[in-house]
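Have a look at the structure below before the remarks.
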């Protein structure tokens, strides 16, 4: 069997306003068709909206939301003897952040009727208060992992 291609670490540059790599990841996730400046404006507008509504820093709310939404375990499918099992596996490092950002983005895009910056701000505020679509997704994943704990020995 041939070896797989080596995967190199991709170093992201910190964003210009906050100097944060995590904000840069959010911007990259929201970017469409390579329009980074549009995505940056969206995120910075969102942080300004958060500051107006909660009187807290947009970056603080974002970091709290990420911490709340980040999953501790996820499910991986594994075929054992003709049957597929969902096996709970602990999530580490960058994958936790990536999943949290993806779920926040999906929760934002599922809402209708407002500007994207307003929807993102609402989702981040909800996530920092442990409510919202992204938190529901995390709780569902944790519940499924808990239900499939019996298959953990297949990992």
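Every number here is computed from the coordinates shown, using simple stated rules; none is lab data. Quantities reported herein were computed from a predicted structural model and do not represent experimental measurements. Virtual Cβ from ideal backbone geometry, glycine too; neighbours counted across all protein chains shown.
Details
- Crossing angle, helix 93-110 versus the chain [Cα axis fit, 0-90 degrees, rounded to tens]: 60
- Most fluctuating residue given options 60, 129, 84, as computed from a GNM of the chain linking Cα atoms under 10 Å: 84
- Its DSSP H runs of at least 4 residues, each contributing -39,500 (n - 2.57), put the calculated 222 nm mean residue ellipticity of the chain at -18000 deg cm²/dmol, to the nearest 500.
- With Cα atoms, 0 to 90° folded angle of helix 21-30 axis to the chain main axis: 90
- Against the chain, whose longest principal axis is taken from its Cα atoms, helix 133-147 shows a tilt of about 20°.
- Stretch gain in nm, segment residue 36-residue 11, where the contour uses 0.36 nm per residue and the Cα spacing is subtracted: 7.3 nm
- Across the chain, Cα pairs under 8 Å and at least six residues apart give a relative contact order of 24 percent.
- Note on residue 54 and residue 143: with the Förster distance fixed at 25 Å, the Cβ-Cβ geometry gives a FRET efficiency of about 0.30.
- Kirkwood hydrodynamic radius of the stretch 59-155, Cα pairs, Å: 14.3
- Volume of the Cα convex hull of the stretch 1-142, divided per residue and given in Å³: 152
- FRET efficiency, residue 20 to residue 115 (Cβ-Cβ, R0 30 Å, nearest 0.05): 0.85
- Taking each residue as 0.36 nm, the span from residue 153 to residue 28 lengthens on full extension beyond its C-alpha to C-alpha distance by 41.3 nm.
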